[in-house]
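**Student:** If you scroll down you'll find the structure; I have some questions about it.
Just so it is clear, none of the values below were taken in a lab; they were calculated from the coordinates. If you're wondering where the values come from, they're calculated on a predicted model, not measured in any experiment. Counting neighbours? That spans all protein chains shown, and the Cβs are built from the backbone with ideal geometry, glycine included.
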Amino acid sequence: MMMVPARRWIDLHLHSMASDGRYAPCKVMEMAAARGLSAVSLTDHDATAGLAEAEDAATQLGMEFVPGIEMEAEYGRHRLHILGYFIDATNAGLVDALAKMVVNRHARNEEIIARLRCMGVVIDYRAICKRHAGAAIGRPHIADELIRQRAVSSFQQAFSRYLGNEAPAYVPRVAPTGAEVIRIIREAGGVASLAHPGRIKTSSHLELATMVRDLRDGGLSAIEISHPDHNDATAKLAAELAARFELLTTGGSDFHTLGTAVTRGTGFAKRRVPYEWLERLRGERPVNPLRPT
């Protein structure tokens, strides 16, 4: 009897302490290997500091590793996240773009903390930076400090009372456009995928489709279908957009910290992402990465 090869599963959306995850990159890889994954990608927010450690750990654990990143972008009135896969973390254009994001992020954090101070909540920003040295400091770290000081009782309360998009201490981020982020990723030899489209609050499916079309015309290669925030209807819509605009599909757990128990082989989320998606994605890498003009 001919043996049927076992299916292989992957997770292309993982976060570590290099941005706003709870665990060191090597620990994230250990947990991924324990779930029987064949390939993984570390996609920290606007940061590549954890890639070398993650790659070393993944290789030792027998997993294929894809160097990745998740970058914030603007499209009109919308905020998007764009995933980059197979990136060269040493690319000068990428390094420069991330350095500018760090400057903008610190300015934003300081404004958030100034607003909190006006509300009677005093936070030492330098202490946060020291406690999370090497991480891309953002609202989640400020939320942790609010919890530590017992100004709030939970992460959710920190955002609903102070830090969320409609809360009084919210400060919008300065971000490059979607087209600029895609260009940066491609110049770094990477493949760009629109992250969790279900989170984008468009007024209609037509508006979302127009956005995806424009991003595709700017070099977008894929769209994230499998994501914990996507129900069946959202996943189906994303898949239809991928087919309509001839985009590849990606997926992952958007892992930040351990929550409920998960099944071996599925990564950190319920939906399984097949290895075949990674094989197709690999074929989209720029043969000759674009160069800045």
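**Student:** If you rank Lys130, Lys236 by fewest surrounding Cβ atoms within 10 Å, what's the result? Don't skip to the end; give the middle numbers.
**Tutor:** Working: Lys130 9, Lys236 12.
Listing Lys130, Lys236 from fewest to most nearby Cβ atoms yields Lys130, Lys236.
**Student:** In nm, give the distance between the simple-model label positions of Gln60 and Ala92, each being 7 Å from the Cα along the Cα-to-Cβ direction.
**Tutor:** Using points 7 Å along Cα→Cβ, the separation is 3.5 nm.
**Student:** Let me check I've understood the local charge: for Cys129, count other residues with C-beta under 13 angstrom from its C-beta, Lys and Arg +1, Asp and Glu -1. What total comes out? Numbers along the way, then the final one.
**Tutor:** Values: positive: Arg105, Arg126, Lys130, Arg131; negative: Glu110, Asp124, Asp144, Glu145.
Within the 13 Å Cβ shell, the charges total 0.
**Student:** Now, a different point. Just to confirm the filter: which trypsin sites (Lys or Arg not before Pro) across the range 1-76 are DSSP coil and have at most 13 other Cβ within 10 angstrom of their Cβ?
**Tutor:** Working: sites: Arg7, Arg8, Arg22, Lys27, Arg35; in loops: Arg7, Arg8, Arg22, Arg35.
Within the range 1-76, the qualifying trypsin sites (Lys or Arg not before Pro) (loop, at most 13 other Cβ atoms within 10 Å) are Arg7.
**Student:** Quick one: if the Förster radius is 25 Å, what FRET efficiency do Arg7 and Asp214 give, using the C-beta to C-beta distance and rounding to 0.05? Could you put the intermediate results ahead of the total?
**Tutor:** Numbers: r = 35 Å, r/R0 = 1.40.
Efficiency, rounded to the nearest 0.05: 0.10.
**Student:** Still on this structure: May I have the extent of the alpha carbons of the range 21-123 along their three principal axes, as whole Å values ordered from largest to smallest?
**Tutor:** Each principal axis gives a Cα extent; for the range 21-123 these are 51, 31, 24 Å.
**Student:** Along the positive direction of the dipole of the range 20-109 (beta-carbon charges: Lys, Arg +1; Asp, Glu -1; about the Cα centre), which of Tyr75, Ser38, Phe65 reaches farthest?
**Tutor:** Tyr75
**Student:** A further question follows. Report, in listed order, any pair from Lys27/Lys201; Lys236/Lys270; Lys27/Lys130 with a Cα-Cα distance greater than 23 Å.
**Tutor:** On the way: Lys27/Lys201 33 Å; Lys236/Lys270 16 Å; Lys27/Lys130 21 Å.
Check vs 23 Å cut-off fails for Lys27/Lys201.
**Student:** Please tell me the relative contact order of the range 106-163 in percent, rounded to the nearest whole number, where contacts are Cα pairs under 8 Å and at least six residues apart.
**Tutor:** Dividing the mean separation by the residue count of the range 106-163 yields 29 percent.
**Student:** Could you give the C-alpha radius of gyration of the chain expressed as a fraction of 2.2 N^0.38 Å, taking N as the number of residues it contains?
**Tutor:** On the way: Rg = 19.1 Å, N = 293, 2.2 N^0.38 = 19.0 Å.
Taking the Cα Rg and dividing by 2.2 N^0.38 Å, one obtains 1.00.
**Student:** Expected output is a single nm value to one decimal: the length gained when fully extending between Ala167 and Phe245, i.e. 0.36 nm times separation in residues minus the C-alpha distance. What is it?
**Tutor:** Details: separation 78, 0.36 × 78 = 28.08 nm, distance 3.66 nm.
Extending this stretch completely gives an extra 24.4 nm.
**Student:** Please give the FRET efficiency for Phe155 paired with Ala127, using the beta carbon to beta carbon distance and R0 = 22 Å, rounded to the nearest 0.05. It would help to have the intermediate numbers written out before the result.
**Tutor:** Values: r = 19 Å, r/R0 = 0.85.
Given R0 = 22 Å and the Cβ-Cβ separation, E is 0.70.
**Student:** Moving on. Full-extension gain between Lys236 and His205, please, as 0.36 nm times their residue separation minus the C-alpha to C-alpha distance.
**Tutor:** Details: separation 31, 0.36 × 31 = 11.16 nm, distance 1.23 nm.
Here the segment from Lys236 to His205 would lengthen by 9.9 nm.
**Student:** Going by Cα centres, the range 184-259 and the range 7-29 are how many Å apart?
**Tutor:** Each part's Cα centre sits 20 Å from the other's.
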